[in-house]
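Report on the structure given below.
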Amino acid sequence: MAEISRELADIINDKESLKVIATTDAQGNPHVVFKGTLHTEGQDLVFYDLLQSSQVNKNLVSSIWFGRKVAINILAKDKRSFLITAKPRRSVTAGRVFEEVYASLKDRNPDGDLNAIWYLEPEHIEEKTFAVRRAEEEAAFPILKHLDRLVKEERS
Amino acid sequence: MSRNSENGWRSKELPYDQVIEKYPEIPPIVALKIDVSRRGIHYTQAALDRVDPDKHHVEPYNYMIGHGKNAAPIGLFLRDGSVICQGDTPDYSKAYRDPYTLDVVDGRLVLTDEEIGKVYEEVTFWDRPDFYDKKTSNGTPMCLVASARPQRITIAPQTKCHFWDTPGEGCKYCALFSAHRSKDDEGEIRDEKWFQDVEETTREALKEKGRYCSFHMTAGSTLSGAEIFDDEVDLYIKTLHAAEKAFKTEKFPVKLVASAFSKKQLQRMYDETAITTYTTDLEVLNPELFKWICPGKSRLVGYEEWKHRLYDAVEIFGRGNVDCGIVGGVETAQPNGFADEDEALAAVLAEAEEMGRHGVSFADCVWNALPGSMFVNQKTPSLEYYVKLALGLAEVRRKNGLKIYTDDYRRCGNHPNTDLARID
Ligand code: SF4
């Protein structure tokens, strides 16, 4: 299990961050969706699925059944980005906690519904901000570049 | 010595761990649920000590049976959000197999197999329905008017099944309403006060926001009326009309599990009530075994007619909105059932396929030789059989493009084959 740092938790919990989750179905077909409700609760990533027939819900059920992982990307408002691979740990579909979340969602959308609360356990976290990745690549693999980037300027 | 410790059942069939290895397409958690439903659960004292009656869902008595017992949980949540609809089996000395154990290990409530010494899954208790503490204006405790699962409310308008009126004609696996089987016992009274209780209980239950997705009604069969089941139809209509007063829409999600109504009766139910789906249970998908296992249904309606009433229902409610309950595995009951599990499976799935083509979905209950049933001493099939049956029925549904939301993991929770529909 990977630890969510305080800094990353703040980014994940920031309403202005973009959060996408990528899942696969039992046949391996990929699916990606933005999940604005994704947030942290302790070391879990948690989000609310609103439609029982949603593809992300089906894929997560299939993943919790067969031990598959999901990928999440967080894009902060300052353009820093983080890739998290996680395992669905628990789906809450009824009960007191479910009812509390249902009520809080109703405050925002009185005609809305709630399908499930998904708890995901992060297994691996990596910063994928472009500047960070580029510096890493340059340091580790200096040959990975187009030659014209290295052309000496001609004197005029 | 108990029956299950003497008969060596564990050496005669594939255990859970080998079944999930042999059938990688069955989710292990669904296979576990099947096995638990098949073998039952025994709660240790440590597990029972975890029950907080103010917080957890305990039943003061078994609503669907009618017998009194100590207040105890009637089900558990699994970590995939599905449920196991089973309470404690305090005495299993006469059962063919010993049950799973609900225990506390490392501070967690878990399902274990004591003999193997393995912990399988962490579980949690269901939460107590808010309305269970309330009384209607007539002074009736609401928990006697309705029962609940985590996401459905159940009302049984009739607590007597009249197939038992003719000795030996009730269904042989059935323990439902077994407190009301004698001929002169009419079941509980349904007078005007009771219909008022239904309205008030429904209204009160719906105050718990986010809890109920389905209004479930089922009852024993009532055979009387100008046409067989006419009085049953009247009773359901009256009960639904009482409940409907709590809703602002004409139609709402109702799961009605009833006798096989004629097309005229079904049309009336559809036109006059909130229902949009319908379930009637053929129970065992084989005409000969139906005659033996469900003699009352067979004599008074008949296998082919019951099936055709399901097809008629599809014309009214649409494909996938008509559901047929089966007691999966009962086709192997002896002496008349299939002795060979492969033959049983082939026969059941062939019949299911024909019905699926006609737009009928299935809800498979795992047959458990229940106390209070005539089949109490039967040996139920292997886990492997139940797994293949659930997978086979799920395939029939997929192949025929059918949905089963009315009887799925959320609106019922007691059918492994409909749990599999979660990823369709
Ligand atoms: S019809 Fe059969 S299964 Fe249903 S309550 Fe009566 S005896 Fe039991």
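Observations on the structure shown:
- Residue satisfying all of: in region A:84-140; surrounded by fewer than 13 Cβ atoms within 10 Å (Cβ to Cβ) and aliphatic (A, V, I, L, M); farthest from the other protein chains (Cβ to nearest Cβ) among these: A:Ala139
- Every pair of residues 6+ apart whose Cβ atoms lie under 9 Å, when the first sits in region B:170-187 and is free of Cβ contacts under 8 Å to residues at least 24 places away in the same chain and assigned by TED's automatic domain parsing to the domain that holds B:Leu370 while the second is charged (D, E, K, R) and within 12 Å of the ligand (Cβ to nearest atom): B:Arg181/B:Lys160; B:Lys183/B:Asp165
- Any hit, region A:135-144, residues being touching a helix residue (DSSP H, G or I) at 6+ places or on another chain (Cβ under 8 Å) and more than 30 Å from A:Leu45 (Cα to Cα): yes
- Restricting region B:228-281 to residues that are within 16 Å of the ligand (Cβ to nearest atom) and of a type in the set (Ser, Thr, Tyr), the residue that is surrounded by the most Cβ atoms within 10 Å (Cβ to Cβ): B:Tyr236
- Of the helices (runs of 4 or more DSSP H) that lie entirely inside region B:310-424, those containing 2 or more residues that are of a type in the set (D, E, K, R) span B:341-357, B:383-399.
- Pairing each residue of region B:318-339 that is modelled with pLDDT under 95 with any residue that is away from the ligand (no atom under 15 Å from the Cβ) and part of a strand (DSSP E or B), provided the two are 6+ apart or on different chains, yields C-beta distances under 7 Å for B:Gly320/B:Ser361.
- Residue in region B:134-185 that is surrounded by the most Cβ atoms within 10 Å (Cβ to Cβ), counting only those that are within 11 Å of the ligand (Cβ to nearest atom) and not in a loop (DSSP other than H, G, I, E, B): B:Phe163
- B:Gly139 vs. criteria free of Cβ contacts under 8 Å to residues at least 12 places away in the same chain and not assigned by TED's automatic domain parsing to the domain that holds B:Val83: yes
- Residue within region B:163-171 that is β-branched (Val, Ile, Thr) and within 19 Å of B:Phe261 (Cβ to Cβ) present: no
- Filter result (in contact (Cβ under 8 Å) with a residue 24 or more places away in the chain and within 14 Å of another protein chain (Cβ to nearest Cβ)) within region B:13-31: B:Tyr23, B:Glu25, B:Ile26, B:Pro27, B:Ile29, B:Val30, B:Ala31
- Subset of region B:187-219 [away from the ligand (no atom under 15 Å from the Cβ), more than 14 Å from chain A (Cβ to nearest Cβ) and in a loop (DSSP other than H, G, I, E, B)]: B:Ile189, B:Arg190, B:Asp191
- Considered as a group, the residues in region B:45-80 that are among the basic types (Lys, Arg) and over 13 Å from B:Val110 (Cα atoms) include one that is modelled with the highest pLDDT, and that residue is B:Lys55.
The values are calculated or read from the model by the stated rules, or taken from the named source; none is laboratory data. The shown structure was predicted, so the numbers you read here are calculated from the model rather than taken from an experiment. Neighbour counts are summed over all protein chains in view; Cβ atoms, including those assigned to glycine, are modelled from backbone coordinates with ideal geometry.
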